[in-house]
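Colleague: Here you go, one structure.
The values are calculated or read from the model by the stated rules, or taken from the named source; none is laboratory data. The model shown is predicted, which means the values in this text are computed figures rather than measured ones. Here the Cβ is made from the backbone with ideal geometry for all residues, glycine too, and neighbour counts use every protein chain on show.
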Amino acid sequence: MSVDTYRPGLEGVPAAKSSISYIDGRQGILEYRGIRLEELATQSTFLETAYLLIWGQLPTKEELKSFQHDIRYHRRIKYRIRDMMKCFPESGHPMDALQASAAALGLFYSRRALDDPIYIRNAAIRLLAKIPTMVAAFQLIRQGNDPVQPCDDMDYAANFLYMLTEREPDELAARVFDVCLLLHAEHSMNASTFSAMVTASTLTDPYAVIASAVGTLGGPLHGGANEEVLTMLEEIGSVENVRPYLEKKLENKSKIMGFGHRVYKVKDPRATILQNLAEQLFEKFGRDVYYDIAIELEQAVEEKLGAKGIYPNVDFYSGLVYRKLGIPTDMFTSIFAIARVAGWLAHWKEQLGENRIFRPAQLYVGMHDRPYIPPKERT
Ligand code: SDX
């Protein structure tokens, strides 16, 4: 392998063939299984979309009913998982709690039959059903409360908000949250999906696949940026401070959180929809002070960095939506994870179809033939 073929961050290097999602980063187009995101966001639900992503087509009425039923049935988590979570430090980050809990599922469902479609379906259902329960459980546990059991009468998004707040959610809030999940469900070869695929390629169990992806999603350059955005908006504090803040950041060569993307060179279509969802919530529940700061920042970044193709990405407006829904900032990335489980599972299933272990090459730049120096001779 030559230095010429080396691309840091594997930029532009195809790592797999996939029919799950398509991005046109110049025109700001995103499709799941060939269907435009905007169509799904207005007409579908997260669960129906998850089915589409994992199994390749929209479910029939019967398939959807049975899928929703199975998800409801598997929402509860074992008391031992809850007890394990009670041993986690309350000060720990929810993404660390989620990664550990997702991996722990593998202890309980250890049978591995990767060539059995029923095993694949059951594992996918378990993960989609239990991850939200685990996220909500950790939130209650770290506040010193007992987790709330899932509510069988509520659909996916409403049930999550209920488990988190112990109150029946407002209808608009539940629909907006469901659309948020749908928007975050899948995004081609992003870092966490790649991580999931590398793990999957060893033919390990799906719980390890999801746990490794959760760990990867948490970083501030990836899903963790949604938390950093809110912290940044708070730090900016006022519309007047936006431009001086930006100048200082750019002078220091710091990245502006929630902006830029490896593939999109225009505004991320998900950011546009999320901004619209935020506005719907503001109309009903009151405007957020940080929204004006966000709008001014988007404008200022466009003026300074638009020529470089740096625009808001998915993480820029999502936090404002979650904040309005009453979700604490340090849970934002866990919400992203709940949604992305669908995409990770779709890639896991696709990967198993034509698996070859990921084992890229490296360009060795170290030394050769060095003598070993015994400790007492080292200076
Ligand atoms: C997600 O891949 C996916 O699909 C991810 C995701 C998904 O759904 O899975 O969309 C979710 O991870 C969204 C991204 C969240 N991260 C952030 O918001 C963090 C801030 N953004 C960046 O650090 C950055 O834009 C990345 C990590 C998103 C992309 O990194 P790249 O492609 O490696 O780009 P780069 O860092 O090499 O930047 C290229 C140029 C540089 O300038 P030059 O040195 O060429 O002059 O653009 C500049 C960068 O300095 N740049 C930024 C910037 N992002 C890029 N400058 C200031 N602020 C930024 N945010």
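Colleague: From the residues in the range 184-198 that are within 10 Å of the chain's Cα centre (by Cα) and either part of a helix (DSSP H, G or I) or not assigned by TED's automatic domain parsing to the domain that holds ILE210 (or both), which one is surrounded by the most Cβ atoms within 10 Å (Cβ to Cβ)?
Modeller: THR193
Colleague: In the range 202-231, what count of residues is obtained for those that are within 10 Å of the ligand (Cβ to nearest atom) and closer than 16 Å to TYR322 by Cβ?
Modeller: 7
Colleague: Oh, and also: Whether any residue in the range 180-199 is among the acidic types (Asp, Glu), within 15 Å of the ligand (Cβ to nearest atom) and more than 20 Å from LEU128 (Cβ to Cβ) is what I want to check.
Modeller: No, the range 180-199 has no match at all.
Colleague: Restricting to the range 33-52, give me the number of residues that are touching a Leu at 6+ places or on another chain (Cβ under 6 Å) and either among the hydroxyl-bearing types (Ser, Thr, Tyr) or not assigned by TED's automatic domain parsing to the domain that holds GLU186 (or both).
Modeller: The number of residues fulfilling the criteria is 1.
Colleague: Hey, could you check the range 1-51 for residues that are of a type in the set (D, E, K, R) and part of a loop (DSSP other than H, G, I, E, B) and say which is nearest to the chain's Cα centre (by Cα)?
Modeller: That would be ARG33.
Colleague: Given VAL321, VAL341, which one is within 13 Å of the ligand (Cβ to nearest atom) and in a helix (DSSP H, G or I)?
Modeller: Result: VAL341 is the single residue among VAL321, VAL341 that is within 13 Å of the ligand (Cβ to nearest atom) and in a helix (DSSP H, G or I).
Colleague: Before we move on, is ALA294 farther than 26 Å from GLU31 by Cβ, in contact with a helix residue (DSSP H, G or I) (Cβ under 8 Å, 6 or more places away or on another chain) and crowded, with 20+ Cβ neighbours inside 10 Å?
Modeller: Yes.
Colleague: Within the group ARG82, ARG72, which residue is in a helix (DSSP H, G or I), closer than 22 Å to SER212 by Cα and touching a residue at least 40 places away in the same chain (Cβ under 8 Å)?
Modeller: Every option except ARG82 fails the conditions.
Colleague: Conditions first: (1) over 23 Å from the mean Cα position of the chain (by Cα); (2) more than 11 Å from the ligand (Cβ to nearest atom); (3) surrounded by 19 or more Cβ atoms within 10 Å (Cβ to Cβ). LEU246 passes all but one, so which condition is the exception?
Modeller: It is condition (2) that LEU246 fails.
Colleague: Go through the range 263-316 and report how many residues are acidic (Asp, Glu), closer than 14 Å to VAL229 by Cα and touching a residue at least 60 places away in the same chain (Cβ under 8 Å).
Modeller: 1
Colleague: Right, next: Hey, could you check the range 116-137 for residues that are free of Cβ contacts under 8 Å to residues at least 60 places away in the same chain and either farther than 18 Å from ARG72 by Cβ or not assigned by TED's automatic domain parsing to the domain that holds ASP205 (or both) and say which is surrounded by the fewest Cβ atoms within 10 Å (Cβ to Cβ)?
Modeller: ILE118
Colleague: Something else about it: Kindly indicate the residue of the range 344-370 that is of a type in the set (Gly, Ala, Ser) and part of a helix (DSSP H, G or I) and also surrounded by the most Cβ atoms within 10 Å (Cβ to Cβ) among those meeting that condition.
Modeller: ALA346
Colleague: Quick one: is GLY326 at positive phi and either away from the ligand (no atom under 11 Å from the Cβ) or of a type in the set (Phe, Trp, Tyr) (or both)?
Modeller: Here the answer is yes, as GLY326 does meet what is asked.
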